[in-house]
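Comments concern the structure below.
Each value in this text was obtained by applying a stated rule to the coordinates, not by laboratory testing. Just so it is clear, the model here is predicted, and its values are computed rather than measured.
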Amino acid sequence: MKILKWILGIVVVLALLFYFVGMPYLKKQTKKNSPETTAVYTQDNMDLSVTYSSPFKKGRVIFGELVPYDKVWRTGANEATVFVSGTNIKIVDKELPAGTYSLWTKPGKDNWSVIFNSEIPSWGATLASGGKDAMWNTEYDVLQVEVPVMQLPQSEESFTIAFENDGQLYLSMYWDTTKIRVPINE
């Protein structure tokens, strides 16, 4: 009985040590390869931000291989990508209430689905899948739109999300030679 208590105590201590020391260390290490970035837009009566981790191409084939087509992607690396709007907005032609959302995408060759979800998981992909399966839960989808893919003339090394305004505000995402633009309106 004493041995069982000792073993149980050691397991509990190791689990706590891993949770409070190991996990923060591992998260810090992943940020070196995919730094956390925030894009902000505070004009035209809108207060928008998106926080994501930006992975690098590093000579890999990105869309269709590293990021498979027709499969939900956490849209970046590490933690789930988070989109925040301080006001009610329209994404393409659909209403998105003010709030905080996880942002997911489903890349395709010609079109991407862009999904705003009210659940924000602590990590963007399951550990059991080796990071290949998103922690996206369809029950919490608030809005989903489809946008066309644009081809860039030259490759972009790091995944980037930015707000672009050329008379129309867009939430743009680009990496390698692929770019999408999601229209945003009041």
| query | Fully extended, how many nm does the chain gain between LEU4 and GLU119 (0.36 nm per residue separation, minus their Cα-Cα distance)? | reply | 37.4 nm
| Want the number for VAL82 to GLU36: 0.36 nm per residue separation, take away the alpha-carbon distance, what's left? | 15.4 nm
| said: Need one word for region 34-185: rounded, prolate or oblate. Basis is the Cα gyration tensor (sqrt eigenvalues a ≥ b ≥ c); a/c below 1.5 gives rounded, then a/b vs b/c decides. | reply: oblate
